[in-house]
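Undergrad: I'd like to ask some things about the structure below.
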Amino acid sequence: MLQKLTINNYALIDNLEIGFDSGLNILTGETGAGKSIILGALSLILGQRAESKYFFNQQKKCVIEGTFKISGFHLADFFEDNDLDYETETVLRREISADGKSRAFVNDTPVNLTALKQLGEKLIDIHSQHATLEINDPEFQLLVVDSVARHSDLLFDYQTKFRAYKKSLSKLNQLIAENDKAKADLDYFKFQFDELDKGALVADEQELLEQELNTLNNAEEIKRALLNANYLLQDGEAAALLQLKEAGQALGTIEKYNPALAELHQRISSAIIELKDVAAEIDAVEQHTFVDEARAEEVNNRLSMIYNLQKKHRVSTIAELLQIQEELSDKVQQALFGDEAIEKLQKQIAADKAELEKLAAELSANRQKAIPDIEKQVLATLAEMGMGNSSLKIEQHSTSPRPPAGGGADSPKSMLTATGIDNIKFLFSANKGHALAEMSKVASGGELSRLMLSIKSIVAQYTALPTIIFDEIDTGVSGEVANKVGQIMERLAQNLQVITITHLPQIASKGQSHYFVYKDDSEAATFTRIKQLSNDERVLEIAKMLSGDKPGESALQNARELLSV
């Protein structure tokens, strides 16, 4: 429901704010006063393109903002899919700068025009006597039948499972393609895998081998240095351990005279123990260090094999080679056992398809039951509006068999679509004795408008519809027919918000709220203004619509009778 519309700097509007009621809202005013300007501004927050030449002030930006109450429209998923904050009171805003740049917001979060338009279409439906696209849209016609069939839970269940089914088909096609490629490349993959597998690679092997080879290649130098270190520590005439022992003995003879010397003596003793341990380890390393040309050649060959594999596969570590080996193993397994996975998935898809066909048959049966009721109600409503010679036929056909895109995976006999197995087509004739045809080909703008009004008045009884705006759809009707059109709009407004622009007093009198659009030229420039009329003001406005600018007492009395006041 549109709660409030704010317009700044658009066409003849400098600053305008309108608050709408939940039922039937009437907009009246002289031709050219600006009623269509208000709809044009509203269309901007519904994602329509804008040009700065329509600005009231070319030096300022245009800002249009609409506040909507959206609870009950099941839009939480849309907000989640578009990463938007869901609020039951949602604000759509459009800003167009003087240079033509545009920005759009939903609850202060920037969005692109596509998202704004998608959301706007779910909130507002603007219909004029020339707007015939929706009524001829197969999706809308199917929506009408599904609404009256009242099987939203069943349809939701079907559509959820259908999406999963399509994903499985896509996965199956991918598996088949991968399996075919794997079989074609099996020998190549197996050769590469066997080469890596034969290498018996270990994750940290390369670093250890490189370290060992470095030691083997420098064994003589290492051994000489170790022998020299050992000589300096304990074997030489001035070995470090001998000198430390003498220093310790010297301190031992005098430590009784000073406690601090005892501590120093102890520290020297600890250093001697540590150095003895170091010397023993040096000796052990030296004993195990020797020139081994055979081992050096073995290590070098092993490293060469590793380096060649890395160069071949364009990597630099054994971990990467092991990853490639695992991937090759998967490809070999795919080639050897892929048929089993495909067969398993095909069985699952067949079971899912059978379940979908069962649900689709239920949907189809429900639609078939609903169609006669729709035809009857629409024709009855049209008769009220002076179109008693109309004929309506809703055809229900099974979807045409066609092979799936990409070929192969699904059966060519499949007739499943995102909405089931039905194609719905509305055929209409407004005149007795004329053949039924698609509605856009046999109905005038006014007839289509009344047809749309009758259809939506029925659908609104079963499901939440967006706010509907009728832009002078009453053109070409008058008298009692106009009164009936007003009554039907009044009934429609019991289930959803209706905003209608009209020149007919019979329709204007049915409104819950009445807004008067007028031009204000009291200042230097002309402005479009709007005000909500009081009861007395409504009497006068409807009287003017009946007889002109200076209505007499009879016109005023007639207006009071229309308003029941």
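Undergrad: Of the residues 461, 487, 506, only one is part of a loop (DSSP other than H, G, I, E, B), out of contact with any Phe, Trp or Tyr (no Cβ under 9 Å at 6 or more places or on another chain) and either under 23 Å from residue 38 (Cα atoms) or not aromatic (Phe, Trp, Tyr) (or both); which? It would help to see each step written out before you state the result.
TA: Details: 487 fails: part of a loop (DSSP other than H, G, I, E, B); 506 fails: part of a loop (DSSP other than H, G, I, E, B).
Among 461, 487, 506, only 461 is part of a loop (DSSP other than H, G, I, E, B), out of contact with any Phe, Trp or Tyr (no Cβ under 9 Å at 6 or more places or on another chain) and either under 23 Å from residue 38 (Cα atoms) or not aromatic (Phe, Trp, Tyr) (or both).
Undergrad: Given (1) in a loop (DSSP other than H, G, I, E, B); (2) of a type outside the set (D, E, K, R); (3) touching an Asp or Glu at 6+ places or on another chain (Cβ under 7 Å), where does residue 522 come up short, assuming only one miss?
TA: Condition (3) is where residue 522 drops out.
Undergrad: Restricting attention to the stretch 342-389, which residues are in a loop (DSSP other than H, G, I, E, B) and either more than 24 Å from residue 430 (Cα to Cα) or touching a residue at least 60 places away in the same chain (Cβ under 8 Å) (or both)? Show your work before the answer.
TA: At the first step, the residues of the stretch 342-389 found to be in a loop (DSSP other than H, G, I, E, B) are 385-389.
Within the stretch 342-389, 385, 386, 387 meet the criteria.
Undergrad: All but one of (1) buried (at least 18 other Cβ atoms within 10 Å of the Cβ); (2) in contact with a Lys or Arg (Cβ under 7 Å, 6 or more places away or on another chain); (3) not charged (D, E, K, R) hold for residue 50; which doesn't?
TA: Just one mismatch for residue 50, condition (2).
Undergrad: For the stretch 455-509, give me each residue that is of a type in the set (Gly, Ala, Ser) and over 21 Å from residue 137 (Cα atoms).
TA: Correct list: 476, 478, 479, 482, 486, 493, 508, 509.
Undergrad: What number of residues within the stretch 233-261 are assigned to a helix (DSSP H, G or I) and either touching a Leu at 6+ places or on another chain (Cβ under 8 Å) or touching a residue at least 40 places away in the same chain (Cβ under 8 Å) (or both)?
TA: The first filter runs over the stretch 233-261 and keeps only residues assigned to a helix (DSSP H, G or I), leaving 233-235, 240-252, 255-257, 259-261.
Adding the requirement that they be either touching a Leu at 6+ places or on another chain (Cβ under 8 Å) or touching a residue at least 40 places away in the same chain (Cβ under 8 Å) (or both) leaves 233-234, 240-241, 244, 251, 255, 261.
Adding up the residues that qualify gives 8.
Undergrad: Here's another thing I want to ask about it. Here is a check on your reading of the model: is residue 329 in a helix (DSSP H, G or I), modelled with pLDDT under 90 and surrounded by 13 or more Cβ atoms within 10 Å (Cβ to Cβ)?
TA: Values: in a helix (DSSP H, G or I): yes; modelled with pLDDT under 90: yes; surrounded by 13 or more Cβ atoms within 10 Å (Cβ to Cβ): yes.
Yes, satisfied.
Undergrad: Looking for something farther than 19 Å from residue 19 by Cβ and crowded, with 20+ Cβ neighbours inside 10 Å - is there at least one such residue anywhere in the stretch 513-532?
TA: no
Undergrad: If residue 304 passes every condition in (1) surrounded by 13 or more Cβ atoms within 10 Å (Cβ to Cβ); (2) assigned by the TED database to the domain that holds residue 224 but one, which one does it miss?
TA: (1)
Undergrad: Could you say which residue among 42, 46, 92 is among the hydrophobic types (A, V, I, L, M, F, W, C), assigned to a loop (DSSP other than H, G, I, E, B), under 30 Å from residue 152 (Cβ atoms) and touching a strand residue (DSSP E or B) at 6+ places or on another chain (Cβ under 8 Å)?
TA: Numbers: 42 fails: assigned to a loop (DSSP other than H, G, I, E, B); 92 fails: assigned to a loop (DSSP other than H, G, I, E, B).
Among 42, 46, 92, only 46 is among the hydrophobic types (A, V, I, L, M, F, W, C), assigned to a loop (DSSP other than H, G, I, E, B), under 30 Å from residue 152 (Cβ atoms) and touching a strand residue (DSSP E or B) at 6+ places or on another chain (Cβ under 8 Å).
Undergrad: Here's a follow-up. Hey, can you tell me all the residues within the stretch 145-175 that are of a type in the set (Val, Ile, Thr) and buried (at least 19 other Cβ atoms within 10 Å of the Cβ)? Quick ask: steps written out before the conclusion?
TA: Applying the first criterion (of a type in the set (Val, Ile, Thr)) to the stretch 145-175 yields 145, 148, 160.
Hits for the stretch 145-175 are 145, 148.
Undergrad: Which residue out of 179, 228, 217 is more than 59 Å from the chain's Cα centre (by Cα), touching a residue at least 60 places away in the same chain (Cβ under 8 Å) and over 20 Å from residue 416 (Cα atoms)? Outline the logic, then answer.
TA: Working: 179 fails: more than 59 Å from the chain's Cα centre (by Cα); 228 fails: touching a residue at least 60 places away in the same chain (Cβ under 8 Å).
From the options 179, 228, 217, the qualifying one is 217.
Undergrad: Residues of the stretch 224-233 being of a type outside the set (A, V, I, L, M, F, W, C) and either at pLDDT below 85 or exposed (fewer than 15 other Cβ atoms within 10 Å of the Cβ) (or both), which ones? Talk me through it step by step, then tell me what you get.
TA: Taking the stretch 224-233 as the starting set, the residues that turn out to be of a type outside the set (A, V, I, L, M, F, W, C) are 224, 228, 230-231.
Scanning the stretch 224-233 gives 224, 228, 231.
Undergrad: What about residue 209, is it surrounded by 12 or more Cβ atoms within 10 Å (Cβ to Cβ) and either touching a Cys at 6+ places or on another chain (Cβ under 8 Å) or more than 30 Å from residue 328 (Cα to Cα) (or both)? Working first, answer last.
TA: On the way: surrounded by 12 or more Cβ atoms within 10 Å (Cβ to Cβ): yes; either touching a Cys at 6+ places or on another chain (Cβ under 8 Å) or more than 30 Å from residue 328 (Cα to Cα) (or both): no.
Spelling it out, it is not the case that residue 209 is surrounded by 12 or more Cβ atoms within 10 Å (Cβ to Cβ) and either touching a Cys at 6+ places or on another chain (Cβ under 8 Å) or more than 30 Å from residue 328 (Cα to Cα) (or both).
Undergrad: Quick one: residue 5 ticks every box in (1) at pLDDT 85 or above; (2) part of a loop (DSSP other than H, G, I, E, B) bar one, so which box is it?
TA: (2)
Undergrad: Continuing with this model, one more query. Hey, does the stretch 186-198 have a residue that's assigned by the TED database to the domain that holds residue 327, closer than 29 Å to residue 287 by Cβ, aliphatic (A, V, I, L, M) and surrounded by 14 or more Cβ atoms within 10 Å (Cβ to Cβ)?
TA: No, the stretch 186-198 has no match at all.
The values are calculated or read from the model by the stated rules, or taken from the named source; none is laboratory data. All values derive from a computational prediction rather than experimental measurement. Methodologically, a virtual Cβ is constructed for each residue, glycine included, from the backbone with ideal geometry; neighbour enumeration extends over all protein chains shown.
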